[in-house]
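Every number here is computed from the coordinates shown, using simple stated rules; none is lab data. All of these numbers come straight from a predicted model, not from anything done at the bench. All Cβ positions, glycine included, derive from the backbone under ideal geometry; neighbour counts span all protein chains shown.
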Amino acid sequence: MTLTNWAGNTAFRARDVHHPTSLDELQRLVAASPQVRALGSGHSFNDVADTTGDLVILDRMPDAVEIDSAAAQVRVPARTTYARLAPIVHEAGFALANMASLPHISVAGSVATGTHGSGDTVQGLAAAVASLDLVTADGSLLTLSRGDADFPGAVVALGALGVVTSLTLDLIPAFEVRQYVREGLTVDALADFDEIMSSGYSVSLFTDWRDTRVWLKRTEELTSPGWYGTRPADAPRHPLPTMPADSCTLQLGVPGPWHERLPHFRPDFEPSGAGDELQSELIVPREHAVKALRELYTIGDRIRPVLQISEVRTIAADDLWLSPFRGRDSVGIHFTWVKDPAGVRPVLELVEETLAPFDPRPHWGKLFTRWPSCPDRFRSLARRLDPAGKFANDFTRILLGE
């Protein structure tokens, strides 16, 4: 049976697939292999994890989660999903500062590709990493921590430096969130974009570039009945208007734990379209957001035939070398496409062309055709830690210019 990614649009070409059961076994495997990559939960929509060599999946490695309450940190095996991690953290009285839409994804894979949630003051998931352990090309274990010179290059690293085995994440005190869905946001409301996106702990706009709904996640009750000219949803909603809301986290302003509100989807249901989709996301500087969104509305008629839904989110800046949010507060413009690669590609190219004046960066785990430049310091780090290109693949060779 062919191994594919979650969406089924990428078939992995590995000659062998390995499931090591211990760190020692993984180290020996990496040291002996001329070409190796690690695969997480498979939720990337491109070939970032592909290889023609050995593919390692850490699903049989030890999975103990260790909380250091005094330091407000948690040590997490790379294989751990946010769905497994979040309740453990919450039970100890802590929270993660943010979560992505899907709790089903693995921590290591999410961090390595620059995945994020939403929130004006909240950074991407990788910014929570305080240290990480990775098996390098010779099979040795390297630990890098915040403050180390190479650390900002090793967090969002696309698997190009080694196989990450565990990460230590910062925690904050546990908190409650209320989730509201507001309908009928007009294009004219873009004039209030900054105020709208700062109206909650986490805010998402879902749009088909004609009709727009707002997913508003607040730590306090919303008391404005006519909030920015919208009306409250009269029942739970799915981001895709034609889908039932059973798989979505609880809405209608009912307070609940952070990990049961910040993701859009519940961990006990198949997420989103259950793989029947393709995804892209382009991230623009916050100061260009309104102009960029207005330009996309002008090509909405071209986008809609291959679009399921778009989502607009805000992300605070970080200092990680390959992060899409490096050095700038950002707005992520996400596209969930129909599963038609040939039909989607020309529209994606049109979107990229439309956004080109606004200096977009792609989400590393999704579809894109225009490659950003690679920082020289990351290129140097990759060559120093992996001089023979053991962890290289077609994806990283393009990025590194090899």
In nm, give the distance between the simple-model label positions of ILE172 and THR4, each being 7 Å from the Cα along the Cα-to-Cβ direction.
3.9
Please say if region 285-402 is rounded, prolate or oblate, where rounded means a/c under 1.5 for a ≥ b ≥ c the square roots of the C-alpha gyration tensor eigenvalues, and otherwise the choice is prolate for a/b larger than b/c and oblate otherwise?
oblate
Enumerate the aspartates and glutamates that LYS339 could reach by cross-link, defined here as Cα to Cα under 15 Å, with residues fewer than 8 away along the same chain left out.
ASP276, GLU277
Say a paramagnetic label sat at a point 7 Å from the Cα of ALA32, along Cα to Cβ; which residues of region 358-402 have their backbone N under 19 Å from it?
390-391
P(r) of region 154-238 over all Cα-Cα pairs, binned every 10 Å from zero, in whole percent:
14, 38, 18, 20, 9, 0
List the residues, sorted by chain then number, that are 5 or more residues from LYS366 or on another chain and whose placed amide H is less than 5 Å from its amide H.
PHE45
Considering only DSSP beta bridges where both residues belong to region 256-333, give the percentage that are antiparallel (nearest 5).
90
Which percentage, to the nearest 5, of the DSSP beta bridges contained in region 105-169 is antiparallel?
100
Which lysines have a Cα less than 25 Å from the Cα of LYS390, not counting those fewer than 8 places away in the same chain?
LYS366
Taking r as the C-beta separation of CYS374 and SER145 and R0 as 30 Å, the FRET efficiency to the nearest 0.05 is 0.80
Note to self: Kirkwood Rh of region 66-173, Cα pairs, one decimal, Å, is 13.9
So, over other residues within a Cβ distance under 13 Å of TRP6, counting Lys, Arg +1 and Asp, Glu -1, the net charge is -1
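Determine the gain in length on full extension of the stretch GLU295-ALA64; use 0.36 nm per residue of separation and subtract their C-alpha separation, reporting nm with one decimal.
Values: separation 231, 0.36 × 231 = 83.16 nm, distance 4.76 nm.
78.4 nm is the gain from fully extending GLU295 to ALA64.
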Among the DSSP beta bridges whose two residues both lie in the chain, what percent are antiparallel, rounded to the nearest 5?
90
Got a sec to turn the phi values of region 144-149 into Karplus ³J(HN,Hα) couplings, 6.51 cos²θ - 1.76 cosθ + 1.60 with θ = phi - 60°, whole Hz, x for Gly and Pro?
10, 10, 3, x, 5, 4
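Around PRO20, with a cut-off of 15 angstrom between Cβ atoms, what is the net charge of the other residues, counting Lys and Arg +1 and Asp and Glu -1?
Values: positive: ARG28, ARG37, ARG60, ARG79; negative: ASP16, ASP24, GLU25, ASP54, ASP59, ASP63, ASP133.
Net of charged neighbours comes to -3.
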Please name whichever of LEU29, LEU262, ILE196 sits farthest to the positive end of the charge dipole of the chain, dipole taken about the Cα centre and charges placed at Cβ: Lys and Arg +1, Asp and Glu -1.
LEU29
Region 319-402: trypsin sites (Lys or Arg not before Pro) falling in loop per DSSP and having at most 13 other Cβ within 10 Å
none
Surrounding charge for ASP59, neighbours by C-beta under 13 angstrom, Lys/Arg +1, Asp/Glu -1, total +2
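Efficiency by 1/(1 + (r/R0)^6): what FRET value for GLU25 and ASP276, r their Cβ-Cβ distance, R0 = 30 Å, to the nearest 0.05?
Numbers: r = 36 Å, r/R0 = 1.20.
Step by step, r from the Cβ atoms, then E = 0.25.
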I want to verify a result. In a Gaussian network model of the chain, Cα cutoff 10 Å, which of these has the top mean-square fluctuation: ILE67, ILE309, ILE172?
ILE172
Please identify, among THR230, THR242, THR52, the residue showing maximal mean-square fluctuation in a Gaussian network model of the chain using a 10 angstrom Cα cutoff.
THR242
PHE94 long-range amide H proximity, modeled H, under 5 Å
ALA174
Nearest-ten-degree value, helix 289-298 long axis tilted from longest Cα axis of the chain
70
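Under the rule a/c < 1.5 gives rounded, and otherwise a/b versus b/c splits prolate from oblate, where does region 16-57 land using the Cα gyration tensor? Please report the intermediate quantities before stating the final value.
Details: a/c = 2.92, a/b = 1.58, b/c = 1.85.
Because a/c hits 1.5 or more and a/b fails to exceed b/c, region 16-57 counts as oblate.
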Checking GLU281, GLU220, GLU183 against a Gaussian network model of the chain (alpha-carbon springs below 10 Å), the top fluctuating residue turns out to be GLU220
